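**Q** Okay, here's the structure, questions in a sec.
The values are calculated or read from the model by the stated rules, or taken from the named source; none is laboratory data. As the structure is a computational prediction, the values presented were derived from the model and not from experiment. Methodologically, a virtual Cβ is constructed for each residue, glycine included, from the backbone with ideal geometry; neighbour enumeration extends over all protein chains shown. With ligands, DNA and RNA removed, areas are computed over all heavy atoms of the protein, side chains included. Shrake-Rupley method; radii C 1.70, N 1.55, O 1.52, S 1.80 Å.
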Amino acid sequence: MTNEHEWLPHLEDAIPKSAYGKKLSMYTIALEAWRRGIAVKFYRVEDPEENKSRIRYSLSYQGREHKFESSRGDLLTQEAYDVCDDKDLTKQYLSKAGIPVPEGRRFTEDAADEEIVDYTQTLGDPVVLKPISENGGKGVFADIRDAEDMRKALIHVRQELNYRDVIVEKHVTGEEFRIFIVGHEIIGAVNRTPAHIVGDGISSIGELIDKKNKEKRGNPNLFKSAIEIDKELLNTIQSKNYTLNSIPESGHRIFLRNKSSVSMGGDPNDVTNRVTSQMKDLATKSYKSIPGLDLCGLDMIVDEENDSGTIIEVNTKPMLGLHLFPVKGSARDVTAPIIDYYFPETIDMEKTNLYFDFDSVLEPLKSRSTDMVEVTSPPLGRLYTQRYIVSGRVQGVGYRKWIRKQALQHQLHGYTKNKKDGKVVVVVAGSNESDVRAFKDICAQGPEKAQVEKVKAKEWEKPVKMGFEIKKESSSKKRLKELEKQLQKEKNDKKKIARERSALDQEKKATKQKLKALEEEKESLQQEYMALRNSRVWRYTRPLRNISSMTKRS
Amino acid sequence: MKSDQAVWLPHLSGKVVSEALGHELCAYAVALEGWRRGLTLKWYTKDAEPFQNMMTWHVDAPGKLFSLSSEERTHYFFRTRGDRVSNEAVTIGADKERTKDVLAKAGVPVPEGNRFSADVSIDDISNEVSATIGFPVVVKPIDGSFGRGVMTNIQTIKALKKALKYIRNQLHFADVLVERYVPGDEYRFYVAGDRVAGAIKRIPANVVGDGINAIETLIASKNDERKHNPRLISCPIQIDEEVRRFIQKQGYTLASIPEEGERVFLREKSNISLGGDPVDVTDDMHPAIKQTAVDAVKAVPALYHGGVDLIIDENKPPQNAAIIIELNPTAQIGSLLYPMQGHARDIPAAIIDDYFPETKRMGAEKSTFYFGFNRVLEPLQNNSSIMTKVSPVHTTKVYAKKYTVSGDVQDIHYHRRLRDQALTDQLHGFINNLDNGDIEVVLAGGDQEQLDRFQALLMGSEVEHINTEDWLQPVKIGFDIQSDPNKITDEMNKMKQEKIQLEKEKSRAEHQYLKYQQSRSWKLTLPLRKVLNYIKRR
């Protein structure tokens, strides 16, 4: 599966774990801006309604500031937001511009369920029931085929989920595309296939789900959207005469759910090349029909046979990760056009290939000690990067610490880490190519205790985190365990330091005592000396002393 | 040392400033005062735009540059000095001779003296000094600080020449200042808002005998006590040649045992950094003397506030008892906040009153919350950010309770759950594991009812008993639980610092030991010791 997609090189390895999932749109937009030299601030706002605090960010360039919440920027007008938030209103705007929308109507909270069921019959099945305003597919029931199903769905949506205002509309069959538009331009499109696995002739369905989930955890966008084995999923596979232990044939694809939403384990795949010029016209017309939009994610049911489509929704805060990290196909750079749109004066800016330390920016915001942090600006322009592999006696001799000091002194960015085979990897990036190349000699030198045998140099294209980091060896797999280990280590270190401290304290006291003893000795000597001087022995031995000094001289 | 005679400010207890000892103490105290009054507080790295035109130094590590803003305006600060103070005023303060010129012109008393540049020979200086100023005199290098190279009470031409040679040849300061020696004690005043906000007398390093312990032991125990003082922790009395010589003059060695109640001075210089004792004297100062200090600050254009060093001769009438010897636009205020005797003076409040007079009223009813300095500075320290803004606390009234919870209650998940709830409810505090298996939960917030609601959440199936009492100490914002990596890291950093300090002390002791062995007296007595041994053997 891993080879079925092609992601953007400038985002490869540039997404810290803390940016995976919900914060992905925020991080990637901020990163794009930051790389152009736009000042980025993250701040915390309290949401009194849900009694939670949320992180927002602002971008500013030459005195002009724009505020963002996830992928929603402040150039989106309140009117446009309100239109898209109300699905019925969206349809009215679209229809007025002659854009095909599903037939249907809205019911307010005073409409009785039976009234809605009656209306459904006039539409003919299948139908869709959805709340007037919702996010992420919650409470959407597609493909309702009879009155009984409709009644059940209404109870669930209107009473259990408490969405009183609903829309009932004709279910338009066909594939659904998510089309991303910013400033009249279509940047990319994805479809979403429902959660599924593909057999390999060896593994069971259960094992294939595990494998698929592992892949999802490595995808910054799907990190938290694992396929969950629940009643619905078991029912689905049962209806296809499988159990979790069945072993599907190699290449045989089995869908595990009917719903295609990403949060239910669906896969986004890039389909930009399948968007025809007819469909593009339709998308652009839709975008224009709602005044005040900056960017949006358009949901279109496509009718490839007739080269047309039906618009079912306009999202003002679309997930960018769908386009940046598709499961299949090429990633589309949706962040650059957003920044182009908000800060057109930075279009031609030469971007750095660094990325910033999102964790340490987020940490004080999360612990609530700060409520605003401004990210340090990077050096502008692309940095030249090399990767050195150092072999010899380089582990356990303070090599990485020493390298870090050298790198910082030379104002180079990058990291170093131990390899399992005893070698050390050093990645350095700097604006001056010769500095980066010359660092090979520094690697070859190493600290006093190290014995470097060989340094192998390699070009390195991946982005590098600003600053210089000593990376821990282990993989990101078991983060919690690692953290706990780290905690234990810190505790041990603490004890060790406490021991060292008390040992030092004792040594200090011992030295002081020695010093004191010495002084006492001196003092008693002086007293003895005085006593002696006055004593007769001294006077009597004078001739003797004179003689002995004379003999020494002679 | 916090002796029985010292009263510190409860809202600036040693615990509150424990993360800001050393050079960041003053900045933290001023910033905290503004933040507690509801002003917006931001910390910066030196690369931040607003500080490019402000005179600052030693700012590679963050924790000295900050801003405070009200809705109307923002003021930037470098340690205790705010942006009302002009760079010109800072330049004047850094140059003792210019300070004197400016003060003398304004009619503020300064010691009579002359400045000599590198091209004036030592002989010429000596001749001119004896002809114009007269003895005794004080000699100091012009660019010196912390009392380095300052020599006082020089009585003769010969001693003057020796001192000049030492400053020029050993310390390599070419430009020197020779002043008339003014007898009297040294004081540090802090002037803000046209009044003296606090005054301390600086008493040179000393110990008081108990009739049992030797001077060296007394110094060690005094240093231990100084470790409990946030200002003095970084300034132990160091036993060096100067101390040895100084007590020798009085007929003592380090091994001498002073009588009970006898005070033995260890140095002539009174600098706090050299082991001097700060003693609050604010209420004892005559208004005329205070006026002299205020006049001194007013004499420098756009200075407004700062430290004033004076010598006061008690034998003179107050009107002309004080002489100004130095102005410090970027003064340290730690000794005024943590005196060894007397009352602490709230200098941070005086500074904030001056910059944000509209918050003066709030000064009295501000919250006693404080913020974790390390955590706020962390993103600046690792250079990932150039500015952080400290979370505000939107309350002046603080309700705080301590719950001692017994039962099987040391489960980390239980603690995490409580923390998450506390953070959501905007309550602050911490959980501590006690050795007997109980836990201490301290909670603080602006709403009494919310606190009561939280108490119900403490109850769980494993809880046997909860004991509730009021909590009166300041509370750090956020919520720390034990085994929190952050907290352990904090503790470890603290221990590391102590370790470094100990290493320093140890190497200092070793150095002394070596030096002593190689010292002349020891070498000189070597033949003597040999002879003695020889005689003894016979």
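**Q** Count the lysine pairs in the stretch A:384-471 that are 8 or more places apart or on different chains: how many have C-alpha atoms under 12 angstrom apart?
**A** 9
**Q** Per residue of A:374-382, how many C-beta atoms from partner chains lie within 10 Å of its own C-beta, taken as a mean? It would help to have the intermediate numbers written out before the result.
**A** On the way: counts 11, 5, 11, 2, 0, 0, 0, 0, 0.
The mean count of partner-chain Cβ atoms within 10 Å per residue comes to 3.
**Q** While we're looking at this one, here's another question. For residue A:516, go through the lysines and keep the ones whose alpha-carbon is under 18 Å away, minus same-chain ones fewer than eight residues off.
**A** Within reach: A:508, B:222, B:506, B:515, B:523.
**Q** Another question, then. May I ask you to give the solvent-accessible area per residue for chain B, in square angstrom, as obtained with a 1.4 angstrom probe?
**A** Ligands and nucleic acids excluded, the result is 46 Å² per residue.
**Q** Right, here's the next one. Under a point-charge model restricted to the Cβ atoms of Lys and Arg (+1) and Asp and Glu (-1), what is the dipole moment magnitude of chain B relative to its Cα centre, in debye to the nearest 20?
**A** 2420
**Q** At the nearest 100 Å², what buried accessible area, both sides summed, do you get for B and A when the probe is 1.4 Å?
**A** In total, this chain pair buries about 5300 Å².
**Q** Still on this model: Please list 3J(HN,Hα) in residue order for the stretch A:95-103, calculated via the Karplus relation 6.51 cos²θ - 1.76 cosθ + 1.60 where θ = phi - 60°; whole Hz, with x for glycine and proline.
**A** Going residue by residue, I get 4, 4, 8, x, 9, x, 10, x, 5 Hz, with x marking Gly and Pro.
**Q** Here is a follow-up. In chain A, with Lys and Arg counted as +1 and Asp and Glu as -1 at Cβ, which of these residues, A:402, A:182, A:76, has the Cα nearest the positive end of the dipole, that is, farthest along it?
**A** Farthest towards the positive end: A:402.
**Q** Here is a further query. Sequence gap at least 6, Cα distance under 8 Å: using those rules, report the relative contact order of the stretch A:384-471 to the nearest whole percent. Can you show the working numbers first?
**A** On the way: 186 pairs, mean separation 41.7, N = 88.
Rounded, it is 47 percent for the stretch A:384-471.
**Q** Which of B:370, B:114, B:76 sits closest to the plus end of the dipole of chain B, meaning its Cα is farthest towards the positive end, when Lys and Arg get +1 and Asp and Glu get -1 on the C-beta?
**A** B:114
**Q** Can you tell me the order of B:372-383, A:413-424, B:310-321 when each peptide is scored by its average per-residue count of other Cβ atoms within 10 angstrom, highest first?
**A** Most protected by this proxy first, the peptides run B:372-383, A:413-424, B:310-321.
**Q** What is the average number of partner chain Cβ atoms found within 10 Å of a Cβ in A:353-361?
**A** 3
**Q** Sequence gap at least 6, Cα distance under 8 Å: using those rules, report the relative contact order of chain A to the nearest whole percent.
**A** Reported as a whole number, the value is 16 percent.
**Q** Report the accessible area of residue B:511, computed with a 1.4 Å probe over the heavy atoms of all protein chains in place, in Å² rounded to the nearest 10.
**A** 110
**Q** Which of the lysines could a cross-linker bridge to residue A:52, judged by Cα under 17 Å and excluding same-chain residues fewer than eight apart?
**A** A:22, A:23, A:366
**Q** At a 1.4 Å probe radius, carbon and sulfur cover how many percent of the accessible area of the stretch A:175-330? Could the numbers behind the result be given before it?
**A** Numbers: 3120 of 6750 Å².
C and S atoms contribute 46 percent here.
**Q** Could you sort out which of B:165/B:269; B:105/B:269; B:201/B:397; B:389/B:504; B:100/B:360 sit more than 24 Å apart by Cα distance in this structure?
**A** Where the Cα-Cα span goes over 24 Å, the pairs concerned are B:105/B:269; B:201/B:397; B:389/B:504; B:100/B:360.
**Q** Suppose a student asked you for the relative contact order of the stretch A:146-289, using Cα pairs under 8 Å spaced at least 6 residues apart; what percent would you report?
**A** Relative contact order, the stretch A:146-289: 32 percent.
**Q** Sticking with this one: Looking at the stretch A:175-330, how many pairs of lysines come closer than 18 Å at the Cα, when each pair is eight or more places apart or spans two chains?
**A** Summing the qualifying lysine pairs gives 16.
**Q** Could you work out, residue by residue across B:83-96, how many beta carbons of other chains sit within 10 Å of that residue's beta carbon, and then give the average as an integer?
**A** The per-residue average across the peptide is 0.
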